[in-house]
Amino acid sequence: MAAKPRSRPKKAAAKKSAAKTARATSRAPARKPARKAAAKKSARPARTSSRSSGATKASAKTAARPRASASKAAPAVAVGKLSQIALTATDLDAATAFYADVLGLKLAARFDEQGFAFFSLGGGARLMLSASASQASLYFSVDDLNAAVRTLKRRGVTFLQKPMMVHRDDAGDFGKRGGEEWMAFFNDPSGNLLALVEKR
């Protein structure tokens, strides 16, 4: 009677199949987690056409470019001391006599054909009298306001009011703090407003 072939133990077969599965698993590439793959996919920027991206870049550059202000575009002008003042002279002879004889200004030049008369004001400034000039106001500095008023009154000048304080510089904006400006106003023959000023 022939002997029956011995069957392999079940444990050995199970170990062999497990070893095959392990080798197959090690050869296969490792799969990335689904969450990481989805996050990476969402992080990728959406593709846009070259035209739209170019327009976006151009608009961004235009928005970032600052506009030139008016002060930068126009060069600064340095204005220094006063050079000339023009006043109306309805009667050039009367106006010339008033500024030369009454106020004592030095006549620099007179052009009768053009109707101009020029006086020196000191410091390089000039006074021009002309029938075509506009009206203005001049303020002349004096050392003693009351004495100057008395002198001009003797020369026929009529003052609009008595000498008065028009400003007290408590903040020191125009000089020493507490300084006072006293003025007396009058008119020339052409109706221009003039004033004598003393700083005390």
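Positive-end ranking of 159, 118, 88 along the dipole of segment 84-199, with charges on Cβ about the Cα centre, is headed by 159.
Label-to-label distance for residue 90 and residue 114 is 2.5 nm, based on points extended 7 Å past Cα in the beta-carbon direction. Counting charges near residue 177 (Lys, Arg +1; Asp, Glu -1) among other residues having Cβ under 15 Å from its Cβ returns a value of -1. Based on C-alpha pairs under 8 angstrom that are at least 6 apart in sequence, segment 84-199 has a relative contact order of 28 percent. Among the listed pairs 81/162; 153/176; 81/153; 81/176, those with a Cα-Cα distance over 26 Å are 81/162; 153/176; 81/153. About its Cα centre, the dipole of segment 84-199 is roughly 280 debye, where the only charges are +1 on Lys and Arg Cβ and -1 on Asp and Glu Cβ.
FYI, it's all coordinate maths here, none of it is from the lab. This structure is a prediction, so every number in the text was calculated from the model and none was measured. Virtual Cβ from ideal backbone geometry, glycine too; neighbours counted across all protein chains shown.
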